[in-house]
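Below: one structure, written as structure tokens.
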Amino acid sequence: MYVCVKGDSFSDRKKGKKVCESVMKKSCSTASTFSSSCGTGSCYDASGKKHHSLSGF
């Protein structure tokens, strides 16, 4: 799964991890891929809302 958040600081990465854990209902590792877009059909924004694709992050 992909979670898109603004920024690349440690706290930004923690936000993405929390979204992942709330959606997946299990523990997630910290981010391992960094990109400004997601087009996999399984993209989540910082609030946990699912999107087909996201860009500009």
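The values are calculated or read from the model by the stated rules, or taken from the named source; none is laboratory data. Since the structure is predicted, the reported quantities are computational estimates derived from the model, not experimental observations. Here the Cβ is made from the backbone with ideal geometry for all residues, glycine too, and neighbour counts use every protein chain on show. Note: areas computed on protein heavy atoms with side chains; ligands, DNA, RNA excluded. Shrake-Rupley method; radii C 1.70, N 1.55, O 1.52, S 1.80 Å.
Backbone amide hydrogens, once placed in the peptide plane, bring Val3 within less than 5 Å of Tyr44, excluding anything fewer than 5 places away on its chain. For the chain, the residue among Cys38, Cys28, Phe10 whose Cα projects farthest onto the positive side of the dipole built from Cβ charges is Cys28. Remark: relative contact order (the chain) = 40 percent; criterion is Cα-Cα distance under 8 angstrom and separation of 6 or more residues.
So, with +1 on the Cβ of K and R and -1 on the Cβ of D and E, and no other charges, what is the size of the charge dipole of the chain about its Cα centre, to the nearest 20 debye? Numbers along the way, then the final one.
Details: 10 positive and 4 negative charges, 48 e Å.
Approximately 240 debye in magnitude.
Counting Cα-Cα pairs of the chain in 5 Å increments starting at 0 gives whole-percent bin shares of 4, 22, 35, 28, 10, 1.
Roughly how many percent of the accessible protein surface of the chain is carbon and sulfur, given a 1.4 Å probe and a whole-percent answer? List each step's numbers first, then the result.
Working: 2020 of 3980 Å².
Ligands and nucleic acids excluded, carbon and sulfur give 51 percent.
Computed extension length for Cys28-Ser9: 5.1 nm, one decimal, from 0.36 nm per residue of separation with the Cα-Cα distance subtracted. Cysteines in the chain lacking any other cysteine Cβ under 4.7 Å from their own Cβ: Cys4.
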